[in-house]
Structures are given as structure tokens and as C-alpha cells.
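Visitor: This structure is in C-alpha cells; I'll ask about it shortly.
Coordinate-derived values only; no laboratory data. What you see is a predicted model, and the numbers here were worked out from it, not measured in a lab. Glycine gets a Cβ as well: all are built from the backbone with ideal geometry, and neighbour counts include every protein chain shown.
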Amino acid sequence: MSESSIPENLAEIKNRIRLACEKSGRNPTDVTLIAVSKTKPNEAIIDACTAGQFHFGENRMQELQDKMESIELPGIQWHMIGTMQSNKIKYIAKGVNWIHSVSKAKYLNEIEKRAASVNRTINVLIQVNISGEDQKSGCEIDDLPGILEHARDQSHIKICGLMGMATFMDNPEDVRSEFSLLRSTLENHQYLNGGNIELKELSMGMSGDFEVAIEEGSTMVRVGSAIFGSRNNG
Ligand SMILES: *Cc1c(COP(=O)(O)O)cnc(C)c1O
């Protein structure tokens with residue numbers, strides 16, 4: 001896959017999203033495609049945007065900041081999807097639209113403070129550990145009610161849903177149960193909805209497994225290499 005074929009790759013991914021929706025009786029407009037542009041140059045983002053792609057995801061705060069500051073395209077939406085660093089939230093608060101990777105209340109406090117200082121509201125997803133392996137990849141399900149209650153008074157944060165990273169497997173069928181766990185976790189916590197908490201988005205599925213994720217209820221798929229080509233790192 002080469003970078004010159006970004007518009008073709010996007011068209012193909014959108015078609016696969018449509019088919020996965022058809023298969024599971026869902027409406028394709030309920031699934032947002034986030035193009036994960038990490039490690040890729042600004043030109044790749046501009047190419048994709050010109051082809052009608054408006055949601056972009058980055059996993060490093062510094063890289064996200066650099067790209068937000070150097071790319072100005074009307075309608076573009078930036079998603080932070082990688083590991084949080086408290087001391088860098090201040091640099092992304094004025095541009096980022098969505099943060100998917102909040103796993104601790106302390107990050108909420110910092111997002112609230114920095115979003116308030118630039119008079120914005122930031123959409124937040126809580127990252128939940130669904131793989132059962134890496135303790136760093138999200139909060140435990142049991143911690144979720146406490147984190148959500150913590151967010152309730154924060155007027156510059158809107159809690160929109162949950163994010164999960166499935167175990168890396170060759171066969172995406174092997175992670176279906178992890179996606180369905182995230183979906184049931186969302187449903188089981190919707191009784192806490194109200195005010196700035198509206199659990200409805202499920203950010204799950206990547207290049208290798210987004211169709212299965214959609215069948216299990218994903219509303220946001222984070223697709224990188226299948227759009228922009230493989231990465232050397234990151
Ligand atoms: C890199 C990344 C993706 C996209 O991965 P691909 O396999 O290239 O589609 C999705 N989510 C997160 C959190 C990532 O870091």
C-alpha cells in the first residue's frame with residue numbers, strides 16, 4: 001500500500017464498514033471512521049481530508065499538538081487515542097475534540113482545568129482494560145463507576161462512552177468476546193447517564209479487526225495502517 005492510494009484505501013474501508021453494518025443490521029452513519037495518522041506526514045492527512053475524511057487520531061500528545069498547530073482544515077476533528085501524560089494536556093486542550101484514553105480520575109482533573117482555561121468542552125471516552133493482560137491499557141471495569149462519578153461535576157468535560165484495545169490476534173474472531181465485553185460494560189453503566197455523562201460511544205476496532213468490532217456494536221473505529229500504509233514504528 002502506498003501513500004498515493006489514500007483516497008482508494010478510504011473508499012475501500014468505508015465499503016467494508018458498510019458491509020459489516022449490513023451484516024449486523026446497523027446503519028453505517030452510526031459508525032465514525034477515525035483515520036489514525038500517527039507517524040505519517042501532514043500531507044497524508046491533507047490527502048485524506050481532501051477525500052472527505054474529517055476525523056483523525058494520534059497516539060502521541062506531542063505529535064498531535066504539532067499536527068493540530070500546522071494543519072488548518074475546516075471541519076477537521078482531532079482524537080487523542082494514546083497514552084496520557086498529565087503535563088502535556090495543556091498543550092492539546094485548545095485543539096483536541098476527543099480524548100479516548102482516559103483511565104484515571106487525575107487525568108480528568110487536568111483536562112477539566114485546561115479545557116476551562118480555553119473555554120472549551122472536550123469529549124472524553126474512558127479507556128477500559130478489556131484484554132485482561134496489560135494493566136496499563138485502561139482502567140479495570142470495577143473502577144468505572146468511581147471515575148464516572150468523579151467526572152460528574154466537571155463542566156468542561158463530556159463523557160461520551162468507552163474505548164478498548166483488544167488483544168493482538170491473527171484471527172479477529174478471537175477478540176470478539178473482548179469487544180462484546182466492552183459493549184456490555186457500556187450498557188451496564190448507562191444507569192449513570194445524566195448531566196455531562198452520556199455513555200453511548202464505543203471506540204473499538206482497528207485495521208485488523210474493525211468489522212468484528214462493528215458487529216459487536218462499535219460506533220468509532222480507529223483505522224491506521226489500512227488507510228495510510230504500514231508504519232516503521234509507533
Ligand atoms: C495505532 C493505533 C490504532 C490503529 O492501528 P492500525 O492497526 O494501524 O489500524 C488504533 N488505536 C490505537 C490506540 C492506536 O495506537
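Visitor: Pairs to check: Lys113/Lys158; Lys40/Lys158; Lys38/Lys88; Lys14/Lys158; Lys40/Lys104; Lys40/Lys90. Give those whose C-alpha atoms are more than 25 Å from each other in this structure. Intermediate results must be reported in sequence, preceding the final value.
Guide: On the way: Lys113/Lys158 13 Å; Lys40/Lys158 29 Å; Lys38/Lys88 17 Å; Lys14/Lys158 28 Å; Lys40/Lys104 29 Å; Lys40/Lys90 23 Å.
In this structure, Lys40/Lys158; Lys14/Lys158; Lys40/Lys104 exceed 25 Å between Cα atoms.
Visitor: Turning to a different aspect of this structure: Using only Cα atoms, figure out Rg for region 127-234 and give it as a multiple of 2.2 N^0.38 Å.
Guide: Taking the Cα Rg and dividing by 2.2 N^0.38 Å, one obtains 1.12.
Visitor: Based on DSSP H runs of at least 4 residues, each adding -39500 (n - 2.57), what is the mean residue ellipticity at 222 nm of the chain after dividing by all its residues, to the nearest 500 deg cm²/dmol? Numbers along the way, then the final one.
Guide: Values: 9 runs with 86 residues, N = 234.
Value at 222 nm, helices only: -10500 deg cm²/dmol.
Visitor: Mind listing the long-range amide H neighbours of Cys139? Cut-off is under 5 Å, sequence gap 5 or more, other chains count too, H placed in the peptide plane at 1.01 Å from N.
Guide: Amide H to amide H, under 5 Å and 5 or more residues apart or across chains, Cys139 pairs with Gln127, Val128, Asn129.
Visitor: Distance from the Cα centre of region 10-64 to that of region 166-234, in angstrom?
Guide: 14
Visitor: Excluding Arg183 itself, calculate the net charge of residues whose Cβ lies under 12 Å from the Cβ of Arg183, where each Lys or Arg counts +1 and each Asp or Glu counts -1. Please list the in-between numbers first.
Guide: On the way: positive: Arg176, Lys200; negative: Glu178, Glu187, Glu201, Glu215, Glu216.
Spelling it out: positives minus negatives among the neighbours equals -3.
Visitor: If you stretched the chain out fully between Asn42 and Glu22, how much longer would it get, using 0.36 nm times the residue separation minus the C-alpha to C-alpha distance?
Guide: Numbers: separation 20, 0.36 × 20 = 7.20 nm, distance 3.35 nm.
This chain segment gains 3.9 nm when fully extended.
Visitor: Still on this structure, I have one more. How big is D for region 38-88, in µm² s⁻¹ as a whole number, if Stokes-Einstein is applied with the Kirkwood radius of its Cα pairs at 4 °C and 1.567 mPa s? Walk me through the numbers on the way to the answer.
Guide: Values: Rh = 11.3 Å.
Stokes-Einstein gives a translational diffusion coefficient of 115 µm²/s.
Visitor: Peptides 122-133, 19-30: what's the order by average Cβ count within 10 Å, highest mean first? Kindly include the intermediate steps, with their values, before the conclusion.
Guide: On the way: 122-133: 21.4, 19-30: 13.0.
Those peptides, ordered most packed to least, come out 122-133, 19-30.
Visitor: Can you pull the percent of Cα pairs in the chain with separation above 21 Å? Please report the intermediate quantities before stating the final value.
Guide: Working: 14802 of 27261 pairs.
For the chain, the fraction of Cα-Cα distances above 21 Å is 54 percent.
Visitor: At what distance in nm do the modelled label points of Val118 and Gln62 sit from each other, each positioned 7 Å from its Cα along Cα→Cβ?
Guide: Each label point is offset 7 Å from its Cα along the Cβ direction, giving 1.9 nm.
Visitor: Within 10 Å, count the other beta carbons around each residue, average over each peptide in 172-183, 216-227, and list them highest first. Could the numbers behind the result be given before it?
Guide: Numbers: 172-183: 18.4, 216-227: 22.8.
Those peptides, ordered most packed to least, come out 216-227, 172-183.
Visitor: If you scale each eigenvalue of the Cα gyration tensor by 5 and take the root, what three semi-axes come out for region 1-119, rounded to whole angstrom and sorted largest first? Intermediate results must be reported in sequence, preceding the final value.
Guide: Working: eigenvalues 154, 67, 28 Å².
In descending order the semi-axes read 28, 18, 12 Å.
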